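Structure, as structure tokens:
The values are calculated or read from the model by the stated rules, or taken from the named source; none is laboratory data. What you see is a predicted model; the values in this text were computed from it and never measured. We place every Cβ from the backbone using ideal geometry, glycine too, and count neighbours over all the protein chains shown.
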Amino acid sequence: MERTCHPLAALTGLLYLVCLLHGDHAAAAVTTTGTADGSELWGYVQVRPKAHLFWWYYKSPQRASSPAKPWPTILWLHGGPGGSGAGRGNFLEVGPLDVNLKPRNSTWLQKADLIFVDFPVGVGYSYADDPSALVTTDLQAAADGTGLLKALAKEIPALQKEGSPLFLVGESYGGKLAAMIGLSAARAIHAGQLKFTLGGVVLGDSWISPEDFALTHARLLQDVSRLDDNAVGAANKMAATVQAQIAAGQFGAAEKSWTDLLDLIDSKSGSINIFNFLLDTGVDSMSATSATGSSSQLMKYSTYLDGQPSGSESNTIGGIMNGVIKQKLKIIPNNVVWQAASTQVFDALVNNFMKPSVNEVDQLLSCGVNVTVYNGQLDVICPTIGVEAWVQKLTWVGLKNFLSLPRHPLHYCDSSKLIKAFVRSYENLHFYWILEAGHSVPVDQPCVALNMIGSIIQSPAS
Ligand SMILES: *[C@@H]1O[C@H](CO)[C@@H](O)[C@H](O)[C@H]1NC(C)=O
Ligand SMILES: *[C@@H]1O[C@H](CO)[C@@H](O)[C@H](O)[C@H]1NC(C)=O
């Protein structure tokens, strides 16, 4: 198989233009600090004038590596766009501590070093000096992401000095960003501008092809008895509108039509939870107050993990991020208030939201980068049947062989005969079907997710 990565001239030109416009040629300003023992590092990278990205690195206490098999590093990209990786990805999904600051036994730190970023600029602790510095396209976000990686390769000894393979893992919209940044980084590595090993790109319930998701929400819900024929007919009409608008490049209009489609599904399904079809939407204040407008799905995404264990000692994510965590980190400017979801960041990207990134995944595959897709069986917003639909559109030479192979059942985490997942791999494409999980696999199936990520990154600990 062809292993070289030929940049597309047009796309490179665009990236270059973005770089020039934003003065990326100047060395990024970097502020790095951390714990005395070096087990944690965090800081800001100013990737452009007025644009400050926050990152937080944890070194694994389980590190075991040999020159033949260096210990891997995972960079987690949260969804939204507008959700905070350093907050939600870290304390609610895979980081070493939970929201009550108690150890999480399923933390991915057992398998890899972890980097959480608040991405893009304007999310969580990351900030823009004024709103004009927010990104309006995924390409701009990818340029910022590549700028961040250039700085991190120098700031984090594991990456450049120790040759740790870096895996970009994205959830939901974070997966689209992971594909975009992965491609931009692969090219920068190929051109000798970025020096580290890109281990792979991992797409968890990722927003890769909005068209294929719009076309499959209703079919899935009909098959599991949450929509009737009448509702499916109406929903499919709306999905066809979304499809036509995307085809015409009318991404802003497509986003509105898609929101209408979700509103229809909500009313006809008895308010199904679009992140897990076995659940209904809670009547929490967040989703109730933001039911209209383009940000409503973002707010639902950002609050649906907030089910707090009962008890008065329980922390909230907003409470710790604006309290003890901010105090610990010391470098967060006083006027930066951590939010569950940045609607400004979402709104700045809204005309880009429905743009697919199937081509980027295709190019990653033909560049020889390992791409892993994992998807929760119960997800509605990024339904597995929609993911299978976009995978079938790939032009990658290995696709036919990939599709013809049998899947292997996985019995992770259980001595019984219950199957937890299926996997299929061919060359550099890997697909995990995760059973009994919704949109956030590490939350719904923490033990399965831990075992899966260990396999994906070939952790010496697995
Ligand atoms: C892709 O992953 C496989 C293991 O799953 C590994 O053997 C291979 O070296 C990886 N390829 C690249 C280019 O990283
Ligand atoms: C973590 O703790 C829970 C509850 O005690 C347990 O069910 C689970 O098997 C443990 N391990 C992992 C890896 O999730």
**Report entry** Selection count, the stretch 355-389, where residues are under 17 Å from the mean Cα position of the chain (by Cα) and charged (D, E, K, R)
**Finding:** 3
**Report entry** Single unsatisfied condition, residue 96 versus (1) out of contact with any Ser or Thr (no Cβ under 9 Å at 6 or more places or on another chain); (2) surrounded by fewer than 24 Cβ atoms within 10 Å (Cβ to Cβ)
**Finding:** (1)
Report task. Looking for whichever is surrounded by 22 or more Cβ atoms within 10 Å (Cβ to Cβ), β-branched (Val, Ile, Thr) and assigned to a loop (DSSP other than H, G, I, E, B) here; the options are 265, 181, 274, 246. Which one fits? Result -> 274
**Report entry** Residues of the stretch 390-412 satisfying the condition of being surrounded by 17 or more Cβ atoms within 10 Å (Cβ to Cβ) and closer than 26 Å to residue 446 by Cα
**Finding:** 391, 410, 412
Query raised in the report: Which residues, counting only those in the stretch 160-201, are among the β-branched types (Val, Ile, Thr) and within 15 Å of ligand 1 (Cβ to nearest atom)?
Result: 169, 189, 197, 201
Requested in this report: Considering (1) in contact with a Leu (Cβ under 7 Å, 6 or more places away or on another chain); (2) closer than 30 Å to residue 250 by Cα, say which one residue 353 fails and leave the rest.
Outcome: (1)
**Report entry** Number of positions in the stretch 414-460 that are more than 16 Å from ligand 1 (Cβ to nearest atom), surrounded by fewer than 21 Cβ atoms within 10 Å (Cβ to Cβ) and assigned to a strand (DSSP E or B)
**Finding:** 1
Requested in this report: Report yes if some residue within the stretch 423-434 is without any contact (Cβ under 8 Å) to a residue 60 or more places away in the chain and farther than 30 Å from residue 139 by Cα; otherwise report no.
Outcome: yes
**Report entry** Failed item, numbered, when residue 220 is tested on (1) assigned to a helix (DSSP H, G or I); (2) of a type outside the set (Val, Ile, Thr); (3) surrounded by 21 or more Cβ atoms within 10 Å (Cβ to Cβ)
**Finding:** (3)
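Could you list, in sequence order, all residues of the stretch 114-161 that are of a type in the set (Val, Ile, Thr), part of a loop (DSSP other than H, G, I, E, B) and in contact with a strand residue (DSSP E or B) (Cβ under 8 Å, 6 or more places away or on another chain)? Lay out the reasoning, then the answer.
Of the stretch 114-161, the ones of a type in the set (Val, Ile, Thr) are 115, 117, 121, 123, 135-137, 146, 156.
Now narrow it down to the ones that are part of a loop (DSSP other than H, G, I, E, B): 121, 123, 135-137, 156.
Listed by number, the residues that qualify are 121, 123, 156.
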Query raised in the report: From the list 286, 299, 354, which residue is more than 16 Å from ligand 2 (Cβ to nearest atom) and at pLDDT 95 or above?
Result: 354
Report summary line: Note on the stretch 407-444: residues small (Gly, Ala, Ser) and within 16 Å of ligand 2 (Cβ to nearest atom) are 415, 416, 421, 437, 440
